Structure formats: C-alpha cells, structure tokens
Amino acid sequence: MTVDPAAYFRAKLQCEIDVMEVAESEPGSLLVVDTRRRSSWDHGHIPDAVHIPTAQIPAKAPDLIPAGSQVVVYSWGPGCNGSTFAALAFAELGYSVKEMIGGIEYWIRNGLPVETAAGTIQSKPDALVTAHTA
C-alpha cells in the first residue's frame, strides 16, 4: 500500500495543535484536558484544564465534557504517547479532538503559566524552543 505523503501530513495537521496555538486561542474556544495521572496533575497543570486520566475518559468524559466541545488533550511531552491514546478515546466517543504536541513539557519550556497547589507559576521561556517572550 502506497501512502500519499501530502495526504498523510494534511490529515495529521487536522489532529494536532501546538502549545502556542492553544495559549493564544480565544478564551472558551477550546476545552483543554490533562490526561496524566493524579500525581502529575498535582505537580502542575495548565490553568483551567480539566483532569481526566486517559483510562477514565470513556466513563467520565460524557459527564464532564459537553458535546460539541473542541477538546485538546495533553500529557507529559514528546517522549510520551499518553495524549495519543487519550485523543483516540475522545474521538471514539464522537468528540472533535486535537492532540497538543509537546505536552506540558513544551508548555512550560515556552514560559507559559502552570497551576500548582502553591499557585500559578511561570518559568522563563527556553530560547532553544521558542521565540515567545514572557
């Protein structure tokens, strides 16, 4: 079977979103879901994100995520495919879903805010991964 590279990448881009596009999106236009385990969520997460670990999506999403929402899922980072499994779970439930590439690792490396038990923190942007300045 021959795959058309242009078609593959066109389809892939329909299912992905980067951290800066999420950060700069119109408030309320995206419903961001952290799919990591509780201890990771407690360590720090994107402000206003909803926490649903991947394994719990089929049971909890229908009660927590309104139908018709544009869902964006994330996990740790590029070395983790947890958000891919989460995106599949949401897609199988009929949600419009995108996977945030880079995960919370690149959210933090871009100098974006992270909510913790101690409050919201923001790191200096890593110049190696972003031109964004805080």
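We did not get these values from a lab; they are worked out from the coordinates using the rules stated. Because the structure is predicted, anything quoted here is derived from the model rather than measured. FYI the Cβ positions are ideal-geometry reconstructions off the backbone, even for glycines, and counts take in every protein chain you see.
Under a cut-off of 28 Å between alpha-carbon atoms, report the lysines in cross-link reach of Lys60, not counting same-chain residues fewer than 8 places apart.
Lys12, Lys98
With the crude spin-label approximation of a point 7 Å out along Cα→Cβ, what separation in nm comes out for Gln122 versus Ser96?
If labels sit at Gln122 and Ser96, their model points lie 2.9 nm apart.
Only four residue types carry charge here, +1 at the Cβ of Lys and Arg and -1 at the Cβ of Asp and Glu. Report the dipole size of the chain about the Cα centre in Debye, rounded to the nearest 20.
Here the size comes out at about 260 debye.
If the viscosity is 1.306 mPa s and the temperature 10 °C, what Stokes-Einstein diffusion coefficient in µm²/s follows for segment 16-121 when Rh is the Kirkwood radius over Cα pairs?
118
At 222 nm, what helix-only mean residue ellipticity would the chain give, in deg cm²/dmol to the nearest 500, using -39500 (n - 2.57) for each DSSP H run of four or more?
-9500 deg cm²/dmol
List the GluC sites (Glu not before Pro) within segment 1-95 that fall in a DSSP loop (any state other than H, G, I, E or B) and whose Cβ has at most 13 other Cβ atoms within 10 Å.
Counting only loop positions with at most 13 other Cβ atoms within 10 Å, the GluC sites (Glu not before Pro) in segment 1-95 are Glu24.
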